[in-house]
């Protein structure tokens, strides 16, 4: 990211569909973290999905219809904070491509420039300082591919974990490797996807970490789903929820 | 057959470019890193040695002594050379008065059709180098009617004689300075070391098909 | 490019995933290549500049493709190189055969050429009684074992030392059994030396063809390329028509990108630039040089301005090395000569979607390939384009076989998904019903595959929408 805005009074929050359905605590933790820093969070209630599943699966028209709906919901110029590198990447980098032939492309480009992934916003705009109240714990970190390569927020996420003084961050040996989720890839090429997530869980196990922390719920669902299937005791948790827990020394607000 | 295909291929390509003339932005070239003369020699030597080249820095006067030593250690019996080049003439001259049992000098002066067996059975070939490139650690070989191509690739040992003041900073630079586009010979080869491969389990092995050994003499004035 | 056998990708994938030795060999080799590339391109800013330049140079060349090809032909012809054009692989094979026949030649030595693999040249020549011998060590190994290359740069990388030792021992007369790499290499050198000596014709690929000077540029480490293009009386060079570049000055950055990306070196052992056949007074080199320029579907790709970037590819192979899918199934599973990410976009465009469209599903769109492509091809975007056209019935689609994947289930699924996600009340209601009834999502369809390896995801009792309301978060 080249330029970050000054700390705003208000931000929009785009929760993402997976957070909404399966990991709402993570979404709420993200909101609380922003509120704690003195920012007013606006949550447009009609939001649903960024459109990425259809966009990646060969159904751009359907993706466009859903994406267009989301864009309408964030009319003011506030930054839009997203607790997912994958969805943030979709809205920031792919909306301009999805709407390349749209007469409103200029407006859409401006919309895309307001998208921020949660970690980068906390670090670069809010300059958040975290006080760890929790017991010592070993964790490891996994970045979604789009957080790593499109949004480039991996170092921001890891820097937040490193602020927590009782948290020992053990890096994965193959941190930059895809976990095999890829949205519909996991069901279109299930055997290859399984091979990838197995390598990821082996890597997690060899770190000896008690918990796998990630900023993306797609990866979280994939990796922790696989770990639970194989009776691996390492837990998986979204970064926002983990941070909230550590600085409040209690589970997330749900 | 080829004509018809040519026509069809070009029709398709022309049709496509007629429809799309997107302006292509001019990207500036990369800056050329420049080194001092001393740095050039050092960089060339370091990079070539990392590629298992044996590099000697000698005087312009006594380089042939170095060649003799190098050949002796390896018990070279026959050395292929180009009689009409400057170094070829110098070799002939020095060899005349040589004591002991020096390797036989084999002049590459006939067409390969008559020399093939010999070329494939000598122990070493010695050529000049037209220059070198410091940035990437490579010699520039510029074969010609005087210095045939096979000399530097067939024999298992290749000795190259390079004048220190012909080391350039980069390939871009030498292409510009010497106006290569106007002067391309039949063949130009950049050589950075002896032949090698990593095709078997990514393990490095030398002397696959080209020379097993490359020895470079850098002649300082 | 006519293919061989219909692609049974699922079967190939299954076979590959169950071949533990294969995966071990591939992963180990790819890790080395990835590391080497990272090391040689350690300066991020400089690398980025270089890639941007590479992209610009290739785009520039493609923007004037027909003019540059004409210029190349003119210059080559002036210099005495005979230029031939082949629309199809079959035509190109015939051209090679004709040249061989015109010299009464029966022995061909080959430098590494992916285009010749694309053409299936060796099998064709063999049918006509011509021995076409691979001389690149990796290609030599797989030829002995009757296989195709598993990787664009290191063809035999799916084999380990033991396997190669056995191949040599079983197929080379008098070859002792050895697993020592230096000894194996020496056996290859000895065996092939005779072949270079005796060959009637030498064949090579072309890494870059310079239009300005009519120069063919080839890079290699072994020296077999130089031998193939210098010893025999005749040299045939094969190139895809996208390999032409404008100026000699374009070479240095492109060489740096190709070599750094392919093998992690700053330069290969040899960079060979050929501009003519043996000239007056020269003692060696081929007396005849032929350049065969092959279309084989490239002009079709060229015709679409957004797909055209596929032709920027300089065949460095680094996308393969970085691809998590390639790393788990190896090259042969893809069923075509070009595997990995470049294969996923190239093969469907050349062979048509029905034959090769399935390859585009073998990607998690992780972007690892795009991140390292030396000429910045937007591979994931092209994969999405192929997926889009696979399902679309829009006549503006330009890839052969568009719409082949259309099926009621998926079309309905995404239509329903669209309706739910554009009607927030339906969305909320649906989720609420599911969570009240405590319905676990049924293990059918996609969930069947998901739950083979993972637990079923559980819908939360309260959605984020509900939590937000509960916590009094604002909306405007």
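General remarks:
- Residues residue B:39 and residue B:65, FRET efficiency given R0 of 25 Å [Cβ-Cβ distance, rounded to 0.05]: 0.40
- Gained length - residue B:165 relative to residue B:110, 0.36 nm times residue gap less alpha-carbon distance: 16.6 nm
- Helical content alone sets the calculated 222 nm signal of chain B at -10000 deg cm²/dmol, taking -39,500 (n - 2.57) per DSSP H segment of four or more residues and averaging over every residue.
- Across chain A, Cα pairs under 8 Å and at least six residues apart give a relative contact order of 22 percent.
- As a rough footprinting exposure proxy, the listed residues B:221, C:162 were ranked by other beta carbons within 10 Å of their own, and the order from fewest upward is B:221, C:162.
- 0 to 90° range, to nearest 10: angle between helix B:63-73 axis and chain B longest Cα axis: 80 degrees
- Rounded FRET efficiency, nearest 0.05, which uses the C-beta distance separating residue C:186 from residue C:394 and R0 of 51 Å: 0.30
- Footprinting exposure proxy ranking of C:42, A:84, B:5, fewest other C-beta atoms within 10 angstrom first, gives C:42, B:5, A:84.
- Chain C pair-distance distribution - Cα-Cα, 10 Å bins, rounded %: 4, 17, 27, 24, 14, 7, 4, 2, 0, 0
- Length, then width, then depth: along the principal axes, the Cα atoms of segment C:369-476 run 50, 33, 33 Å.
- Along principal axes, Cα extents of segment B:124-186, largest first, whole Å: 32, 23, 17
- Förster radius 45 Å - calculated FRET efficiency between residue C:43 and residue A:110, Cβ distance, rounded to 0.05: 0.85
- Seen through its C-alpha gyration tensor, with square-root eigenvalues sorted a ≥ b ≥ c, segment C:120-181 comes out oblate because a/c lies at 1.5 or above while a/b is not bigger than b/c.
- Between helix C:161-171 and chain C: long-axis angle, C-alpha atoms, 0 to 90°, nearest 10: 50 degrees
- Across B:192, B:11, B:152, mean-square fluctuation computed from a Gaussian network of chain B (C-alpha pairs under 10 Å connected) peaks at B:11.
- Estimated 222 nm signal from helices in chain C, with DSSP H stretches of n ≥ 4 weighted -39500 (n - 2.57), rounded to 500: -15000 deg cm²/dmol
- Here the spin labels are modelled as points 7 Å beyond Cα on the Cα-Cβ line, and at residue C:173 and residue C:433 they lie 7.9 nm apart.
- Pairwise alpha-carbon distances in the protein assembly as shown exceed 52 Å for 25% of all pairs.
- Between segment C:207-222 and segment B:87-143, the Cα center-to-center distance that results, in Å: 26 Å
- Between helix B:37-50 and chain B: long-axis angle, C-alpha atoms, 0 to 90°, nearest 10: 90 degrees
- Most mobile of B:104, B:176, B:37 in a GNM of chain B (Cα contacts under 10 Å): B:176
- Note on segment C:345-417 and segment A:47-94: Cα centroid distance 20 Å, given to the nearest whole angstrom.
- Using C-alpha pairs under 8 Å with a sequence gap of at least 6, the mean separation divided by the residue count of segment B:46-105 gives a relative contact order of 33 percent.
- Here segment B:156-221 and segment C:85-148 have alpha carbon centers that stand 29 Å from each other.
- Computed over chain A, the per-residue total of -39500 (n - 2.57) for DSSP H runs of n ≥ 4 gives a 222 nm mean residue ellipticity of -12500 deg cm²/dmol, rounded to 500.
- Quotient of the Cα radius of gyration of chain A and 2.2 N^0.38 Å, N being its number of residues: 0.98.
- According to the Cα-based calculation, Rg over Rh for segment C:41-173 is 1.07, with Rh computed by the Kirkwood formula.
- Residues B:208, C:181, C:358, arranged from fewest to most other Cβ atoms within 10 angstrom of their Cβ, appear as C:181, C:358, B:208.
- Cα-based shape type of segment A:134-242, given that a ≥ b ≥ c are square roots of the gyration tensor eigenvalues and the cut on a/c is 1.5: oblate
- Coordinate range along principal axes, alpha carbons of segment B:35-220, Å, largest first: 43, 42, 32
- Mean separation of Cα pairs under 8 Å and 6 or more residues apart, divided by the residue count, gives segment C:410-470 a relative contact order of 28 percent.
We did not get these values from a lab; they are worked out from the coordinates using the rules stated. Keep in mind the model is a prediction, meaning the values are calculated, not measured. Cβ sites come from the backbone with ideal geometry, for glycine too, and all protein chains shown count toward neighbours.
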